[in-house]
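Take a look at the structure below.
The values are calculated or read from the model by the stated rules, or taken from the named source; none is laboratory data. Given the structure is predicted, the values throughout are model-derived calculations rather than measurements. As a convention, Cβ positions derive from the backbone with ideal geometry for all residues, glycine included, and neighbour counts pool all protein chains shown.
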Amino acid sequence: MKSETKGSGIRPDTLLASVAVLLVVNLVQRSIGFGRGVLFCRWLDPESLGQWDMAYGFLLLAAPVAVLGLPGCFGRYLERYRGQGQLRTFLVRTSVWTATLTLTAAGILVLFRDTMAGLVFGDPEESPLLVLVAAALAMVVLHHFLEAVFAGLRIFRVVSFMQFVQSMLFATISLTLLAFWRADAWSIVAGYGAACGLSSVGMLIWSRRLAHGPACDVAAVTHREFWPPLLRFAAWVWVANVLSNLFAVVDRYMIVHWSGLPAAESLTLVGYYHTSMLVPMLLVSVANCLAAAITPHLSHDWEAGKQERVAARLQLTFKLASFFMFAAGVGVLLLTPLLFHYAFGGKYDDGLFVLPWALAASVWLGLLLVAQTYVWCAEKTRRAAIPLAVGLVSNVLLNLLLLPRLGLQGAVIATALATFLTLLMQLLVNRQLGMRLPIGMLLACLAPLGLVLGAPTALASGSLLLFVLLMTPWGFEQGEREEITEFFVSRVSKILSRGPRTKTTP
């Protein structure tokens, strides 16, 4: 494996380096995205903002559905095929498969654009916008495919660079189009698709320098041997992706189709919802990057027969993620009202009203993404589908109950409660597969409840949570405390040992 890695010019990152690079770059990228989102809210009316939210949600749902979840298995299987000397075969076959399915899906969207426009936007007359969404879908799939490849190779510095470039291009192109073309969802959809396409093309050109390894793989593998394990895993990844992405957007669709309001008014409510999720979704994106970073490394440990190490590392990651997202949530509750009153000019105050429950739902969703990595490593992807299916059904039922009575607030509460139920079920599934559930894990799950009652209660519960984690055996276990301490001591020692740099002459 060492020779193959050297010959292909690929140097995987360590787990710590992967997480550090992704989180740091993600922080910069999301800061750019946050500024971009603020300008979207300032320049667009609530209805246009709602249209963009529906279009974006559809793209995230349709991208993995269109390719049957195949790139979702790269984090689990690409390392195996590379170790067997079959990396080139893996990439060529999966690329052809993905391209064929993507073009087919885009063609279907264009062919049935009136029906799909009615489904996505609640208005068949928005079919021209749906055609633009279909074109953007192809670019989104390409971008996600390349991200999955480099993530599977554990080259997260490249993944982070791709995401950063895409974010910069999206901000530049979409804001330019909003200022000089159309101040509506058309400009944002076009900017998003163009950003994904341009960053992908640039990365394809750059990655050619990695292709100086052997012209063919060291061992041949037939299609009969290649596809069955891959497609079995991908099929359940596809099911899980469909359920999770439906879960993420079903409340919007319930608002559009079941609120009893005209399309324009329902999209306005979605626009308010979008503003309430503007900051909380930063937490979800960080958790998603964290899950993507740890999956290949945990899979590597699993392949080496270190299942107990996988469980231990995931437990520590879960607790730390809960604590830091909760702390960030408290800061959001304290500072976001200034954003609504000053940056948004008070026109999205209905979004501020539902912020606490939206924030709790986002923290639970982030923890769910982290918890799901255990079933990916265990190759039990079908076991992730059951919690998501129950959560999706409960979300719909709760929306049917609360949406007519509480309006937007009811939709957000329904989503938060359904997300919490899904997280608990996923942890029970992990426990059935051999992962322990100590009290610290359950406390980490309950922590976001402190956010729903506002900033003062969140501050009090956060202080209690910090005390429990640090000072009692119910929080971090002894081995986890030692690992955290060792990490910080090694980082500080490394920084102190560098000393001043001196210029040398050749």
**OP:** For residue 345, indicate whether it is in contact with a Lys or Arg (Cβ under 9 Å, 6 or more places away or on another chain) and under 28 Å from residue 453 (Cα atoms).
**Re:** yes
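Of the residues that make up the range 264-283, is at least one touching a Lys or Arg at 6+ places or on another chain (Cβ under 8 Å) and modelled with pLDDT under 85? Explain how you work it out, then say what you get.
Taking the range 264-283 first, the residues touching a Lys or Arg at 6+ places or on another chain (Cβ under 8 Å) are 270, 273, 282.
From what is left, the residues that are modelled with pLDDT under 85 are 282.
Yes: the range 264-283 contains one or more residues that are touching a Lys or Arg at 6+ places or on another chain (Cβ under 8 Å) and modelled with pLDDT under 85.
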Subject >> Output for the range 273-295, where each listed residue is among the β-branched types (Val, Ile, Thr) and under 16 Å from residue 370 (Cβ atoms) >> reply: 284, 286, 294, 295
Original post:
What residue, of 330, 256, 286, 279, is touching a Phe, Trp or Tyr at 6+ places or on another chain (Cβ under 8 Å) and over 18 Å from residue 40 (Cα atoms)?
Top reply: 256
Original post:
Given the conditions (1) at pLDDT 85 or above; (2) more than 26 Å from residue 429 (Cα to Cα); (3) surrounded by 23 or more Cβ atoms within 10 Å (Cβ to Cβ), and given that residue 351 satisfies all but one, which numbered condition is not satisfied?
Top reply: (1)
Original post:
With respect to residue 392, is the statement that it is over 22 Å from residue 333 (Cβ atoms), surrounded by 15 or more Cβ atoms within 10 Å (Cβ to Cβ) and modelled with pLDDT of 90 or more true?
Top reply: yes
Original post:
Residue check, residue 260 against (1) outside any loop (DSSP other than H, G, I, E, B); (2) on the phi > 0 side of the Ramachandran plot, all met but one. Which one?
Top reply: (1)
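May I ask you to say which residue of 148, 136 is within 30 Å of residue 183 (Cα to Cα) and either in the same structural domain as residue 34 (by TED's automatic domain parsing) or over 17 Å from the mean Cα position of the chain (by Cα) (or both)?
Details: 148 fails: within 30 Å of residue 183 (Cα to Cα).
136 is the lone residue from the list that is within 30 Å of residue 183 (Cα to Cα) and either in the same structural domain as residue 34 (by TED's automatic domain parsing) or over 17 Å from the mean Cα position of the chain (by Cα) (or both).
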Subject >> Lone qualifier among 266, 276 - being under 27 Å from residue 348 (Cα atoms), in contact with a Ser or Thr (Cβ under 7 Å, 6 or more places away or on another chain) and either in a helix (DSSP H, G or I) or outside the structural domain of residue 62 (by TED's automatic domain parsing) (or both) >> reply: 266
Subject >> Matching option when the condition is surrounded by fewer than 18 Cβ atoms within 10 Å (Cβ to Cβ), over 18 Å from residue 40 (Cβ atoms) and of a type in the set (S, T, N, Q), among 307, 315 >> reply: 307
**OP:** Looking only at the range 80-103, decide whether some residue is surrounded by fewer than 18 Cβ atoms within 10 Å (Cβ to Cβ), aliphatic (A, V, I, L, M), touching a helix residue (DSSP H, G or I) at 6+ places or on another chain (Cβ under 9 Å) and closer than 30 Å to residue 266 by Cβ.
**Re:** no
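Report whether or not residue 337 is in contact with a Leu (Cβ under 7 Å, 6 or more places away or on another chain), farther than 22 Å from residue 298 by Cα, in the same structural domain as residue 294 (by TED's automatic domain parsing) and at pLDDT below 95. Talk me through it step by step, then tell me what you get.
Numbers: in contact with a Leu (Cβ under 7 Å, 6 or more places away or on another chain): yes; farther than 22 Å from residue 298 by Cα: yes; in the same structural domain as residue 294 (by TED's automatic domain parsing): yes; at pLDDT below 95: yes.
When the stated conditions are applied, residue 337 passes them.
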**OP:** Run residue 115 past the list (1) closer than 30 Å to residue 262 by Cα; (2) crowded, with 20+ Cβ neighbours inside 10 Å; (3) among the hydroxyl-bearing types (Ser, Thr, Tyr) and report the number of the one that doesn't hold.
**Re:** (2)
Subject >> Selection within the range 116-137 - touching a residue at least 40 places away in the same chain (Cβ under 8 Å), part of a helix (DSSP H, G or I) and in contact with a Leu (Cβ under 8 Å, 6 or more places away or on another chain) >> reply: 120, 121, 133, 136, 137
**OP:** Report, by residue number, each residue of the range 81-115 that is touching a Pro at 6+ places or on another chain (Cβ under 9 Å) and in a helix (DSSP H, G or I).
**Re:** 88, 94, 98, 113, 114, 115
Subject >> Count of residues meeting criterion [over 18 Å from residue 81 (Cβ atoms) and assigned to a loop (DSSP other than H, G, I, E, B)] in the range 291-313 >> reply: 2
**OP:** Of the numbered conditions (1) surrounded by fewer than 19 Cβ atoms within 10 Å (Cβ to Cβ); (2) among the charged types (D, E, K, R); (3) within 23 Å of residue 61 (Cβ to Cβ), residue 157 fails exactly one; give the number of that condition.
**Re:** (3)
